[in-house]
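Here's the structure, in structure tokens; my notes come after.
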Amino acid sequence: MEKTDILIIGQGPAGLSAAIYTARAGMRTLIVGCAPKVAGDYEIDNYFGFTETITGKDLIERGRAQAAKFGVEMRCDRVLSIHQNGDQKFVAKTEEDEIEATALILATGVSRVRPGI
Ligand SMILES: Cc1cc2nc3c(=O)[nH]c(=O)nc-3n(C[C@H](O)[C@H](O)[C@H](O)COP(=O)(O)OP(=O)(O)OC[C@H]3O[C@@H](n4cnc5c(N)ncnc54)[C@H](O)[C@@H]3O)c2cc1C
């Protein structure tokens, strides 16, 4: 079973931002999640600090590069279940693996719910 300090589920802007903080603070950080929906050719021009329009794909690639700079490990996999073991560690079962983490950050995004009217 793989072990890490921080397991982040979700590789979108929230997961990558969290990973940059934890890895920069010296914690072993693993992100599990695949390319988020925004990582396409969509033009984003309302993100703080960007005067130029950037595509979602470029934004996510820049976030991934910044996270990699601090040693974050990233992989595309899907978490199927999570439980806490006797040592109060989190154990995530994924399609490919089992990962034990001291702390867990959920950054799995949201689903839009269309009102039934
Ligand atoms: C088409 C489109 C255009 C957009 N345009 C803009 C824009 O111009 N400006 C703007 O501010 N916002 C825009 N948004 C909204 C923006 O994308 C979201 O606010 C942002 O992506 C939310 O980030 P997040 O990290 O919370 O979640 P997400 O980006 O949704 O990421 C969720 C992550 O969780 C992972 N995940 C979920 N379940 C599991 C699981 N069981 N196991 C492993 N991983 C899992 C997914 O693979 C993904 O990596 C747009 C969104 C879309 C879809």
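Each value in this text was obtained by applying a stated rule to the coordinates, not by laboratory testing. The structure presented is a predicted model; accordingly, all values stated were derived computationally and were not measured. No Cβ is skipped: glycine too gets one built from the backbone with ideal geometry, and neighbour counts run over all protein chains shown.
Give just the number: which of (1) within 13 Å of the ligand (Cβ to nearest atom); (2) not in a loop (DSSP other than H, G, I, E, B) does Asn46 not satisfy?
Of everything listed in (1) within 13 Å of the ligand (Cβ to nearest atom); (2) not in a loop (DSSP other than H, G, I, E, B), Asn46 misses just condition (2).
Here are some residues: Gly109, Gly71. Which one is in contact (Cβ under 8 Å) with a residue 24 or more places away in the chain, of a type outside the set (Val, Ile, Thr), assigned to a loop (DSSP other than H, G, I, E, B) and more than 13 Å from the ligand (Cβ to nearest atom)?
On inspection, the qualifying residue turns out to be Gly71.
Quick one: in the range 1-25, which of the residues that are among the polar types (S, T, N, Q) and in a helix (DSSP H, G or I) is farthest from the chain's Cα centre (by Cα)?
Taking the candidates together, the pick is Thr22.
Among what's in the range 74-106 and is surrounded by 11 or more Cβ atoms within 10 Å (Cβ to Cβ) and more than 14 Å from the ligand (Cβ to nearest atom), pick the residue that is nearest to Ala18 (Cα to Cα).
Only one residue fits best here, namely Ala103.
Looking at the range 28-63 only, could you name the residues that are of a type in the set (D, E, K, R) and closer than 17 Å to Thr108 by Cβ?
The answer is Lys37, and nothing else.
So how many residues does the range 8-43 have that are more than 10 Å from the ligand (Cβ to nearest atom) and not polar (S, T, N, Q)?
Qualifying residue count, the range 8-43: 10.
Are any residues in the range 74-91 within 14 Å of the chain's Cα centre (by Cα) and in a strand (DSSP E or B), and if so, which ones?
If the condition is that a residue be within 14 Å of the chain's Cα centre (by Cα) and in a strand (DSSP E or B), then Met74, Arg75, Val79 are the ones that fit.
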